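Worksheet for the structure shown next.
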Amino acid sequence: MPFYVCQGEIPSKRHTVFKNDDGHIYYEELVSREGFSGIYSNYYHLRRPTKVKQVGSLKKIELQHAAKQHRHRHIFTSKIQTSGDILSARIPIFFNNDVIICVAAVNASMDYFYRNGMGDELMYIQSGSGKILSNLGNLECLPGDYIVIPRGIVWQIVPDETLKILVIDSAGPIETPIRYRNRFGQLLEHSPFCERDIKTPILQEPKDESGEFLIRTKTASGIQEYSYAHHPFDIIGWDGYYFPWSLNINEFEPIVGSIHQPPPVHQTFQAPGFVVCSFVPRLFDFHPDSIPAPYPHSNVDSDEIIYYSKGEFMSREGIQSESITHHPMGLPHGPQPGKYKNSIGKKRTDELAVMIDTFKPLKITESARSIDDSGYPLSWMD
């Protein structure tokens, strides 16, 4: 994140001796992006964070492309039977080399810790509540929350009730859009959200516990298990720009105009290979002859994914909450019959949806293909 956070106890100068009243020296850990030239944070541990007691098993991750046709798709993800913790419950729907898009119904806590060593994770909380517990502190999980967990953070998720989550597993860093930042990284005055809307983790009392602590780490080959000698949440203080954070979709201030605005005004996040946009309740266009529904358009350079959270989506028929539509590059799409004309004169929409535009073609998994609406590609016929 492009702002500085400091929590707990830290020394007045980095990379210097830092100890408690009994003379115990705390162990500093530097976590940095881009070969120590990107954003970073410094953590201060009670114990060495490098003490691996055992290297366990490796679980391979192999996603298979299940498509037999290139066409528009409507996936009824609410039909997927999923349960368990955040890893066992997640079901991949679409993927490419830049991103894996999953859904999950999380109803169990984790008896281990997780660290994604290959990319950032963005979770959209569709329903339910709970907490993210991390080595840098805790974050609440509430409906509408986007939760960004950068690569290398050690974390758990604890549901208070079943959490339905859209999970976006990115190979690269997930950031705020660069066009909404000034040269110092501050979000601009005309940005649809600002730093006040962003929640940062609250550091908890450090856990000085010895034993065997299982951390499952995502690697290039799969999920590798490591057993550590000390509890990973033993940090007494940290500071920097690198940490988990959250933004609720309802804090996104929509940008409207006299005529229909293009999708980039809804952009909320950027990552190498894709962007994420938020469609939120808003006033429609105010030109006397405006057509609020989007004009038919072609995704020449991107595949479009829309996850329908709640409300009535103005340009679609037959869409359910938790539905996902996929409009691949190479094909035009737009409002379904009647929606274009019927939008004229309407004043506002109550839709809530998350859009992911990828810059490389997406592949569909068998789990998604089996609940695809086979009639959707023909739904533009009168």
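The values are calculated or read from the model by the stated rules, or taken from the named source; none is laboratory data. The structure displayed is predicted, hence computed values, not measured ones. Note: ideal-geometry Cβ built from the backbone for every residue, glycine included; neighbour counts use all protein chains shown.
Can you pull out every residue in the stretch 342-363 that is farther than 23 Å from Glu253 by Cα, part of a loop (DSSP other than H, G, I, E, B) and of a type in the set (Lys, Arg)?
Result: Lys360, single match.
Please determine whether any residue of the stretch 251-260 is within 21 Å of the chain's Cα centre (by Cα) and either assigned to a strand (DSSP E or B) or among the hydroxyl-bearing types (Ser, Thr, Tyr) (or both). Spell out how you get there, then give the answer.
Start the filter on the stretch 251-260 by keeping residues that are within 21 Å of the chain's Cα centre (by Cα), which leaves 251-254.
Subsequent filtering for residues that are either assigned to a strand (DSSP E or B) or among the hydroxyl-bearing types (Ser, Thr, Tyr) (or both) retains none.
No - not one qualifying residue is present in the stretch 251-260.
Criterion first (in contact with a helix residue (DSSP H, G or I) (Cβ under 9 Å, 6 or more places away or on another chain), crowded, with 22+ Cβ neighbours inside 10 Å, touching a residue at least 24 places away in the same chain (Cβ under 8 Å) and in a strand (DSSP E or B)) does Val103 satisfy it?
On the way: in contact with a helix residue (DSSP H, G or I) (Cβ under 9 Å, 6 or more places away or on another chain): yes; crowded, with 22+ Cβ neighbours inside 10 Å: yes; touching a residue at least 24 places away in the same chain (Cβ under 8 Å): yes; in a strand (DSSP E or B): yes.
Here the answer is yes, as Val103 does meet what is asked.
So Gly38 ticks every box in (1) under 27 Å from Gly119 (Cα atoms); (2) in contact with a strand residue (DSSP E or B) (Cβ under 7 Å, 6 or more places away or on another chain); (3) surrounded by 13 or more Cβ atoms within 10 Å (Cβ to Cβ) but one. Which box is left unticked?
All conditions are met except number (3).
Could you look through the stretch 191-217, keep only residues that are free of Cβ contacts under 8 Å to residues at least 60 places away in the same chain and either under 24 Å from Val256 (Cβ atoms) or in contact with a Cys (Cβ under 9 Å, 6 or more places away or on another chain) (or both), and pick out the one that is surrounded by the fewest Cβ atoms within 10 Å (Cβ to Cβ)?
Per the stated criteria, the residue is Arg196.
Of (1) closer than 18 Å to Ile168 by Cα; (2) not assigned by TED's automatic domain parsing to the domain that holds Lys164, Phe95 satisfies all except one. Which?
Against the list (1) closer than 18 Å to Ile168 by Cα; (2) not assigned by TED's automatic domain parsing to the domain that holds Lys164, Phe95 comes up short only on (2).
Any chance the stretch 364-378 includes a residue that's touching an Asp or Glu at 6+ places or on another chain (Cβ under 9 Å) and in a loop (DSSP other than H, G, I, E, B)?
Within the stretch 364-378, the subset touching an Asp or Glu at 6+ places or on another chain (Cβ under 9 Å) is 364.
Now drop any that are not in a loop (DSSP other than H, G, I, E, B), which leaves none.
The answer is no; no qualifying residue exists.
Among the aliphatic types (A, V, I, L, M), without any contact (Cβ under 8 Å) to a residue 24 or more places away in the chain and farther than 30 Å from Ile306 by Cα: which single residue out of Leu58, Leu30, Leu46 fits that description? If you could, list the steps in order and put the result at the bottom.
Numbers: Leu58 fails: without any contact (Cβ under 8 Å) to a residue 24 or more places away in the chain; Leu46 fails: without any contact (Cβ under 8 Å) to a residue 24 or more places away in the chain.
Going through Leu58, Leu30, Leu46 in turn, just one is among the aliphatic types (A, V, I, L, M), without any contact (Cβ under 8 Å) to a residue 24 or more places away in the chain and farther than 30 Å from Ile306 by Cα: Leu30.
Yes or no, residue by residue, for (1) crowded, with 19+ Cβ neighbours inside 10 Å; (2) in the same structural domain as Ser127 (by TED's automatic domain parsing); (3) of a type outside the set (Gly, Ala, Ser); (4) assigned to a loop (DSSP other than H, G, I, E, B):
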residue: Val300; (1), (2), (3), (4): no, no, yes, yes
residue: Ile305; (1), (2), (3), (4): yes, no, yes, no
residue: Glu312; (1), (2), (3), (4): no, no, yes, yes
residue: Pro335; (1), (2), (3), (4): yes, no, yes, yes
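Of all residues in the stretch 361-379, which are more than 23 Å from the chain's Cα centre (by Cα) and either loosely packed, with under 14 Cβ neighbours inside 10 Å or more than 18 Å from Ile80 (Cβ to Cβ) (or both)?
Ser370, Ser374, Gly375, Pro377, Leu378, Ser379
Would you please list the contacts, defined by Cβ atoms under 7 Å and residues six or more apart or on different chains, that run from a residue in the stretch 63-78 that is closer than 13 Å to His327 by Cα and in a loop (DSSP other than H, G, I, E, B) to a residue that is at pLDDT 95 or above and of a type in the set (A, V, I, L, M)?
none
Would the stretch 156-174 turn up any residue that is closer than 20 Å to Val99 by Cβ, in contact with a Phe, Trp or Tyr (Cβ under 6 Å, 6 or more places away or on another chain) and not in a strand (DSSP E or B)?
Yes, the stretch 156-174 has at least one match.
Here are some residues: Arg90, Arg73, Arg47. Which one is under 19 Å from the mean Cα position of the chain (by Cα), of a type outside the set (A, V, I, L, M) and surrounded by 15 or more Cβ atoms within 10 Å (Cβ to Cβ)?
On the way: Arg73 fails: under 19 Å from the mean Cα position of the chain (by Cα); Arg47 fails: under 19 Å from the mean Cα position of the chain (by Cα).
None of the other options fit; the residue is Arg90.
Scan the stretch 223-250 residue by residue and report those that are outside any helix (DSSP H, G or I) and of a type in the set (A, V, I, L, M). Don't jump to the end; show me each part of the working.
Within the stretch 223-250, the first condition is being outside any helix (DSSP H, G or I), and the residues that meet it are 223-248.
Answer for the stretch 223-250, where residues must be outside any helix (DSSP H, G or I) and of a type in the set (A, V, I, L, M): Ile223, Ala229, Ile235, Ile236, Leu247.
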